[in-house]
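Quick notes on the structure that follows.
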Amino acid sequence: MKRKEQDSDMWHFAGTYGISALIYAIDRCLNGKKARSEYIKKPVSILLEEESKPKSKESNEDVAMFEMQQRIKMLEKEGSILSPS
């Protein structure tokens, strides 16, 4: 049980801090001074506390849309084809 909890914690760590660092590094390498990505500004524990607080449905949708747009932009910059042209 303890091992599963440790595994879950490591997965969460890599999924937040690792992905954030990777996106930040890729954006800086590809775009230099024009890069707009930022590393996580708050610890995950604080983000989770804020996430558990009730938010309006609209703000959650705005955040999800923004994240999706950022991922699409990254894929386009990498040369991935997203739709037939």
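The values are calculated or read from the model by the stated rules, or taken from the named source; none is laboratory data. Everything quoted here is computed from the prediction, not taken from an experiment. Neighbour counts run over all protein chains shown; Cβ positions are idealised from the backbone, glycine included. With ligands, DNA and RNA removed, areas are computed over all heavy atoms of the protein, side chains included. Shrake-Rupley method; radii C 1.70, N 1.55, O 1.52, S 1.80 Å.
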(message) Testing ASP27 on (1) over 16 Å from the mean Cα position of the chain (by Cα); (2) open to solvent by less than 60 Å² (accessible area, probe 1.4 Å), one condition comes back false. Which one is that?
(response) (1)
(request) Residue by residue through segment 72-85, note down the ones that are at pLDDT 75 or above and exposed (fewer than 11 other Cβ atoms within 10 Å of the Cβ). (result) none
(message) Just the residues that are farther than 20 Å from ARG71 by Cα and either of a type in the set (Ser, Thr, Tyr) or at pLDDT 85 or above (or both), please, taken from segment 7-50.
(response) ASP7, SER8, SER45
(request) Taking the residues in segment 51-60 that are within 20 Å of THR16 (Cα to Cα) and open to solvent by 100 Å² or more (accessible area, probe 1.4 Å) as candidates, determine which candidate is modelled with the lowest pLDDT. (result) LYS53
